[in-house]
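For reference, the structure is listed below as structure tokens.
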Amino acid sequence: MKLYSLSVLYKGDPKVVLLKAAYDVSSFSFFQRSSVQEFMTFTSQLIVERSAKGSRASVKEQEYLCHVYVRNDSLAGVVVADNEYPSRVAFSLLEKVLDDFSKQVDRIDWPVGSPATIEYTGLDAHLSRYQNPREADPMTKVQAELDETKIILHNTMESLLERGEKLDDLVSKSEVLGIQSKAFYKTARKQNSCCAIM
């Protein structure tokens, strides 16, 4: 699970404006990083441009999953992640970032802003914090703990069933031994009665 980019954009009438972005392209080779970053910026702008105000969506692009959230006030956020990253965590990250951004940056600056002019430094911290969704999101952490507990319970139930099967085998063997001991007793009694008469 990996986050590659986190962008804040403004959905204007003529075009979409990138306000601020943070990237983690360390998993790519040095020579690919700039083109991957441009791809993520272009894809983010294109997805916001085609999304309606007040909507959330997840769009698959090659091996990436782009989560977009466009608020009614035209402020938008895009997370580019791999396919395994949980969408619920991505949308909670977008909501948190957009709320934080709207509190720190004046609404007047949104339509005319650019990454160089907008003073907002929280994206890098959010991007690094949310790389591990289990640590960042308490709900995901609880879900992971529940999954681990479920696995332990399944293993315990399987071992109990195996013990039950072993107990059933022991019961059937003891029944066979009981029948054989009764037969031995009868045979021994017959043998002893034959010997006692003579």
Complete set of residues in segment 27-59 that are of a type in the set (A, V, I, L, M) and farther than 23 Å from PRO14 by Cα: VAL36
Pair list, Cβ < 6 Å and 6+ apart or interchain, from segment 105-133 residues that are under 24 Å from PRO14 (Cα atoms) to residues that are charged (D, E, K, R) and outside any helix (DSSP H, G or I): PRO115/LYS20; ILE118/LYS20
Count - residues of segment 25-39 that are modelled with pLDDT under 85 and acidic (Asp, Glu): 0
Positions within segment 77-108 being charged (D, E, K, R), touching a strand residue (DSSP E or B) at 6+ places or on another chain (Cβ under 8 Å) and in a helix (DSSP H, G or I), in sequence order: GLU95
Unique match (being part of a loop (DSSP other than H, G, I, E, B), in contact with a strand residue (DSSP E or B) (Cβ under 9 Å, 6 or more places away or on another chain) and either open to solvent by 40 Å² or more (accessible area, probe 1.4 Å) or among the hydroxyl-bearing types (Ser, Thr, Tyr) (or both)) among SER27, SER5: SER27
Test: residue in segment 83-101 that is surrounded by fewer than 18 Cβ atoms within 10 Å (Cβ to Cβ) and touching a residue at least 60 places away in the same chain (Cβ under 8 Å): yes
Any hit, segment 54-61, residues being at pLDDT 85 or above and either in a helix (DSSP H, G or I) or on the phi > 0 side of the Ramachandran plot (or both): yes
Residue satisfying all of: in segment 30-81; of a type in the set (Gly, Ala, Ser) and under 19 Å from the mean Cα position of the chain (by Cα); surrounded by the most Cβ atoms within 10 Å (Cβ to Cβ) among these: ALA81
Residues of segment 8-24 satisfying the condition of being open to solvent by 60 Å² or more (accessible area, probe 1.4 Å) and in a strand (DSSP E or B): none
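The values are calculated or read from the model by the stated rules, or taken from the named source; none is laboratory data. A quick note: this is a predicted structure, and the numbers were derived from the prediction, not measured. Every residue, glycine as well, gets a Cβ built from its backbone with ideal geometry; the counts of neighbours run over all protein chains shown. To get the accessible areas, we keep the full protein, side chains included, count just its heavy atoms, and leave off ligands, DNA and RNA. Shrake-Rupley method; radii C 1.70, N 1.55, O 1.52, S 1.80 Å.
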